[in-house]
Amino acid sequence: MKFSEQKPTKSLHLVSLGCTKNLVDSEIMLGKLKDYEIIDDASMADVIIVNTCGFIDSAKEESINTILNLHDERKDESVLVMAGCLSERYKEELQKELPEIDIFTGVGDYDKIDQLVNEKRSAFTDEVFLLNEQNDRVITGSSYHAYIKLSEGCNQACSFCAIPAFKGKLHSRTLESLIKEVKNLIKSGYTDFSFVSQDSSSFLRDLGINNGLEQLVEQVSIIEGIKTARILYLYPSTTELSLIEKIKKSNIFENYFDMPLQHISSNVLKIMKRGKGVDKLKELMDAMKNVPNSFVRSTFIVGHPGETQEDFEELCKYLSEYKFDRANVFSYSDEEGTSAYDRLDKVPQDIIDARAEILGEIISKITQESLEKEVGKTFDVYIDGESQEHEYLLSARKTTWAPDIDGEIYINDNELFEEENQEQLQFGKIYTVRTTELVGDKLLATVIK
Ligand code: SF4
């Protein structure tokens, strides 16, 4: 990616780990380092940045392994930077234990990364960085889709979660700033947006506004040039039925509902300090399911301290009956600094692993059922480009689905252009397809208009 007329003299290799919120911060760093050529070969890079994740054990391990492998690969005179959540959470320990790393920074200095690299110094500003529309981002991974970060931090106190400890309290962007950023990106050709944060349904509550997301849906839906949008990471106790209605009525926001429930047993939800009550929760989930052509995604934790076999069976029963379109299961990770960490009723690891496997099988089954229901259907997709699978198969995503997490559709035929003119299909554009069959977890489809 070349930015200035003159060929950049220095090169940069950046690895963004963890969630989409971290990816947005990585894109901010790329925007600040525009004088660098971004390269894939870390062994050739002048600067290597790893934007780490510090959420749970497996993510922490991946971050450490990634940066140590890059250290082994890198050239002598290069600069190795550890940024992000893991670096923030364990700043003292890591600076002592990892002398290999040249620059340490956390979650407060993404917009100063150019200075830190130029001055080869570490920094941990107290305040958590939150972008605004003036920040220059280099959108990665797509020519038409961009993630939009609603806020930083979180005011919830989920028993298993360390994020508020290093990302701080909820800090929302203003609606004006978000609207301006979306409008700027539309000028650059982006048409599809996913709104993300730690707790999206609490958007603007730190500014005393309780229906912030509904206002967002309303105002974004009238922006000229936008085609599609969706919201991820809703939180149960701050999601209202009125938001579901607002999304249903919008001709821009997909009927996409991503709300991590983490559990369904009232005993475990109480221990997890995740309010709202099971009846209200099920009412909300049913309302999402009852929206025409809705797509419902969630996330669950098994093996949380205090989870009994009955609680676990209740969770399995609920997932099998509710039939989420997509879901993730995480094994409980014992995170110091969280309230769950201090509990004595921990679940043995072998039982945690067994429960994760069982729930994983249920999730594979309901995901397959959701895909099977799509066979023979007609709907809109974005065509992303050639599939990894085969050059004659194009890769597409249903416009409802979020990128990278909800699946891929293979386009193997089209009724628009004669075979020899298939290349006229434009990537990043919306087409209507009819699905013909399901092969494994991939739908095959024909472009019809
Ligand atoms: S909502 Fe709960 S799980 Fe999510 S970041 Fe906040 S405290 Fe953590």
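The values are calculated or read from the model by the stated rules, or taken from the named source; none is laboratory data. Bear in mind the structure is a predicted one, so any value in this text is a computation, not a measurement. Here the Cβ positions follow ideal geometry from the backbone for every residue, glycine too, while neighbour counts run over all protein chains shown. Side chains are part of the model used for accessible areas, which takes the heavy atoms of the whole protein and leaves out ligands, DNA and RNA. Shrake-Rupley method; radii C 1.70, N 1.55, O 1.52, S 1.80 Å.
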Looking at the range 156-256, what helices (runs of 4 or more DSSP H) fall wholly within it and have at least 2 residues that are within 28 Å of residue 380 (Cα to Cα), modelled with pLDDT of 95 or more and in contact with a Lys or Arg (Cβ under 8 Å, 6 or more places away or on another chain)? 212-220
Residues to consider are 130, 175, 150, 116; find the one that is among the hydrophobic types (A, V, I, L, M, F, W, C), more than 24 Å from residue 40 (Cα to Cα) and away from the ligand (no atom under 16 Å from the Cβ). 175
Exactly one condition in (1) of a type in the set (Gly, Ala, Ser); (2) more than 22 Å from residue 288 (Cβ to Cβ); (3) not assigned by TED's automatic domain parsing to the domain that holds residue 286 is not met by residue 407; state its number. (2)
Where the second residue is away from the ligand (no atom under 14 Å from the Cβ) and at pLDDT 95 or above and the first is open to solvent by 30 Å² or more (accessible area, probe 1.4 Å) and lies in the range 156-182, which pairs have Cβ atoms under 9 Å and are six or more apart or on separate chains? 174/204; 174/207
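Yes/no matrix, rows are residues, columns are (1) among the aliphatic types (A, V, I, L, M); (2) within 25 Å of residue 225 (Cα to Cα); (3) open to solvent by less than 40 Å² (accessible area, probe 1.4 Å); (4) assigned to a strand (DSSP E or B):
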| site | (1), (2), (3), (4) |
| --- | --- |
| 361 | no, no, no, no |
| 364 | no, no, no, no |
| 385 | no, yes, yes, yes |
| 392 | no, no, no, no |
| 402 | yes, yes, yes, no |
| 411 | yes, no, yes, yes |
| 416 | yes, yes, no, no |
| 443 | yes, no, yes, yes |
Restricting the search to the range 292-304, which residues are within 13 Å of residue 356 (Cβ to Cβ) and surrounded by 20 or more Cβ atoms within 10 Å (Cβ to Cβ)? 300, 301, 302, 303, 304
Count of the range 215-233 residues which are open to solvent by less than 30 Å² (accessible area, probe 1.4 Å) and either away from the ligand (no atom under 16 Å from the Cβ) or in contact with a Pro (Cβ under 8 Å, 6 or more places away or on another chain) (or both): 9
Single match in 88, 62 (criterion: surrounded by fewer than 20 Cβ atoms within 10 Å (Cβ to Cβ) and part of a helix (DSSP H, G or I)): 62
Anything in the range 234-291 that is open to solvent by 10 Å² or more (accessible area, probe 1.4 Å), in contact with a Cys (Cβ under 9 Å, 6 or more places away or on another chain) and farther than 24 Å from residue 195 by Cβ? List them, or say none. 273
